[in-house]
Amino acid sequence: MYTPNNIYNGDSIELIKNISKSSIDLILSDIPYGIGVDDWDVLHANTNNAYLGTSPAQEKAGAIFKKRGKPLNGWSEADRLIPKQYYEWVQTWVSEWFRIVKPGANIFVFAGRRLAPRCICAFEDAGFTYKDMIAWDKERAAHRAQRISIIFERRRDMYSALKWNGWKVGNLRPVFEPILWFCKPYKIGGTIADNVLEHSLGAFNETILKKYGQEPDNIFHMPSLQSDSGLHPTQKPLKLMELLIELTTIENQTILDPFCGSGTALLAALRLNRKYIGIEKEETYYNITLNRINEEKINADNMLAFA
Ligand SMILES: C[S@@+](CC[C@H](N)C(=O)[O-])C[C@H]1O[C@@H](n2cnc3c(N)ncnc32)[C@H](O)[C@@H]1O
């Protein structure tokens, strides 16, 4: 059985079976969103290559289209199956998550806006209570929307170009990301207060929000610092992970991240005197996590030596 304060390299869908029943106090995980082109994020079977990659935009994007196609426009049956296949992927592990967390435990899942609804359904179907969706306001995000008038100009249709001036296709600037908040129901016939006494789980620490400059609102404003980038393409701010941990756990409780990437959630746990377990499939990111954790331990030892 897996023990706290360890990181494991492998497929968490399998490895999580090595974690004891009702042993975890918080799962904090930035799971694959299922919308990217990195191999670890492709969770559907769609290999469409819309227009065979020959539109100007697709030519420009090159390898990405050749690799995975452009599966977002809903042109084919395979496009439409993506959300369902994401739901089925979540189902392959969510019951294990239910097994290993304690009654009243909280779960924070970073999920993409597009497929988050399927994630919520899979969690509810596995027995979790869906508590809330926190909006993480990133403050900055790339805006990808194309002026439709440009297309009409290229067609030399100046009448339509003028008529549709100011209109765009695509999305609004995606400045927030959802953090889905679930909890495991506590004992039938018990109360939440009893659960807090028995497991130290079930409530949240509102006073801690001040430390992070946040109101007790379900929108967290947290920009990524320079130190929050460069280790993983979807690296999350360390302070945001610390906030979520302090909001819902006390010292010495155990935090799990089964999709840990560069280990941001685990580093946050270590810094806050919580125990941690991490699982990461890609060896490169697993090694990055190990290095971050080891560096933090060395720094802490040095601080003690100088104190
Ligand atoms: C969204 S990223 C996490 C990034 C992380 N929050 C950080 O700050 O670095 C998700 C990670 O899950 C890993 N992953 C995907 N499927 C996995 C699986 N079945 N088992 C373990 N890790 C997996 C990917 O390799 C990727 O590094």
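Structural remarks
- Grouping the Cα pair distances of the stretch 115-257 into 10 Å bins from zero gives a pair-distance distribution of 9, 26, 29, 16, 11, 6, 3, 0 percent in increasing distance order.
- Dividing the convex hull volume of the alpha-carbon atoms in the chain by its residue count gives 166 Å³ per residue.
- Each of the peptides 287-299, 232-244 was scored by the mean count of other Cβ atoms within 10 Å over its residues; in descending order, highest first, they stand as 232-244, 287-299.
- Per residue, the stretch 208-290 exposes 42 Å² of solvent-accessible protein surface, assessed with a 1.4 angstrom probe and all protein chains in place.
- Residue-count net charge about residue 291 - beta-carbon cut-off 13 Å; Lys, Arg +1, Asp, Glu -1: -2
- Links that overshoot a 32 Å alpha carbon limit, given the list 138/281; 210/275; 168/210; 17/239; 211/275: 168/210
- Residue-averaged 222 nm ellipticity for the chain, from DSSP H runs of 4+ at -39500 (n - 2.57), nearest 500: -11000 deg cm²/dmol
- Residue-span extension gain [residue 271 to residue 205] - 0.36 nm each, minus C-alpha spacing: 22.0 nm
- Whole-Hz couplings from phi, Karplus 6.51/-1.76/1.60, listed for the stretch 99-113; x for Gly and Pro: 5, 8, 8, 6, x, x, 5, 9, 10, 10, 10, 6, 9, x, 4
- The stretch 120-184, accessible area per residue, ligands and nucleic acids excluded (1.4 Å, Å²): 67
- Here the convex hull built on the C-alpha positions of the stretch 226-293 has a volume of 75 cubic angstrom per residue.
- Here's how it looks for residue 221: its modeled amide H is under 5 Å from those of 137, which are all 5 or more places away or on a different chain.
- For the peptides 169-179, 154-164, 101-111, 192-202, the ranking by mean Cβ contacts within 10 Å, running from highest to lowest, is 101-111, 192-202, 169-179, 154-164.
- Peptides 30-40, 132-142, 261-271, ordered by how many other C-beta atoms sit within 10 Å of their residues on average, highest first, read 261-271, 30-40, 132-142.
- Computed E for residue 147/residue 295 - FRET, C-beta separation, R0 45 angstrom, nearest 0.05: 0.45
- Here the Gaussian network model covers the chain, with springs between Cα atoms less than 10 Å apart; of 181, 167, 97, 167 fluctuates the most.
- Here the calculated FRET efficiency for residue 11 and residue 155, from their Cβ-Cβ distance with R0 = 30 Å, stands at 0.05, rounded to the nearest 0.05.
- Computed in the context of the full set of protein chains, the accessible area of the chain at 1.4 Å probe radius has 54% of its extent on carbon or sulfur.
- For the stretch 150-230, the Stokes-Einstein estimate of translational diffusion at 4 °C and a viscosity of 1.567 mPa s comes to 70 µm²/s, using the Kirkwood hydrodynamic radius over alpha-carbon pairs.
The values are calculated or read from the model by the stated rules, or taken from the named source; none is laboratory data. Quantities reported herein were computed from a predicted structural model and do not represent experimental measurements. Every residue, glycine as well, gets a Cβ built from its backbone with ideal geometry; the counts of neighbours run over all protein chains shown. Heads up: the accessible areas ignore ligands, DNA and RNA and are worked out on the full protein's heavy atoms, side chains in. Shrake-Rupley method; radii C 1.70, N 1.55, O 1.52, S 1.80 Å.
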